[in-house]
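Written below as structure tokens is the structure these notes are about.
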């Protein structure tokens, strides 16, 4: 800015640097730069049968800015290729699509294809395929079945333990290790009505008559085919409703129980 004072010119400068820097920062933060083209990924490349798989894709221009129109087609590749479905791209240039893994173990190969909107100049683009490894369902629980449900104090009793997956099917290739315990040794967990229903006397203090096992740990063999019978393995030192628990040694959430009526 110029003005005159006593025949002389005076020059003053306005400080604009701060405003310019702020404007540049705000503009830069609003631009998301990506790798150009179609990016494709999956939630996991190793899944169990029937497990959910999230297919995710993002489309960007050559300048690395999100493409916010069009849709993505997801396809299973193989001898009998088939379209899994379509999903519309959102304002961030992204899309996701949920599918289920096949019902049989093996490999599941998928890819994604960008389809521009009608009348759009840009061409479609196909991603590189991704191979997903599909394995059988893991063990999620055990079924414990008494060979004889009613017994006497001190009488050896047997039971069968079967490894089950989330669908309640026997996991025939299970070779894990289980621990055998009696949760009713720690305290009575059954209601008074339970004892009445089994015509049993009320529980006595848990410190008396603890269960005795001939073995407390077992590793399943391939020949077991997911089921093993424990003959004359447990005896109870007190009357009442007593239980046996089979629990995976490395995962306390994978377990199962059976109840015996001891008189």
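No lab work stands behind these numbers, since they all come straight from the coordinates. The shown structure was predicted, so the numbers you read here are calculated from the model rather than taken from an experiment. Using ideal geometry, Cβ is built from the backbone for each residue, glycine included, and neighbour counts are taken over all protein chains shown.
The table for this structure:
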quantity: Relative contact order (%) - region 114-263, alpha-carbon pairs under 8 angstrom, separation at least six; calculated: 32
quantity: Theoretical gain in end-to-end length, residue 145 to residue 80 [0.36 nm per residue, Cα-Cα removed]; calculated: 19.0 nm
quantity: FRET efficiency, residue 253 to residue 155 (Cβ-Cβ, R0 51 Å, nearest 0.05); calculated: 0.95
quantity: Separation in nanometres of the label points that stand 7 Å from Cα toward Cβ, at residue 130 and residue 71; calculated: 2.1
quantity: Net lengthening on full extension, residue 88/residue 196 (0.36 nm per residue, minus Cα-Cα); calculated: 32.8 nm
quantity: Fewest-first sequence of 89, 49, 178 by Cβ atoms within 10 Å of each Cβ; calculated: 49, 89, 178
quantity: Using a Förster distance of 35 Å, the FRET efficiency for residue 44-residue 219 (Cβ separation, nearest 0.05); calculated: 0.75
quantity: 16 Å cut-off, amide nitrogen to a point 7 angstrom out along residue 212 Cα→Cβ, residues in region 235-263; calculated: 235-239
quantity: Cα shape, region 84-144, gyration tensor, a/c 1.5 rule; calculated: prolate
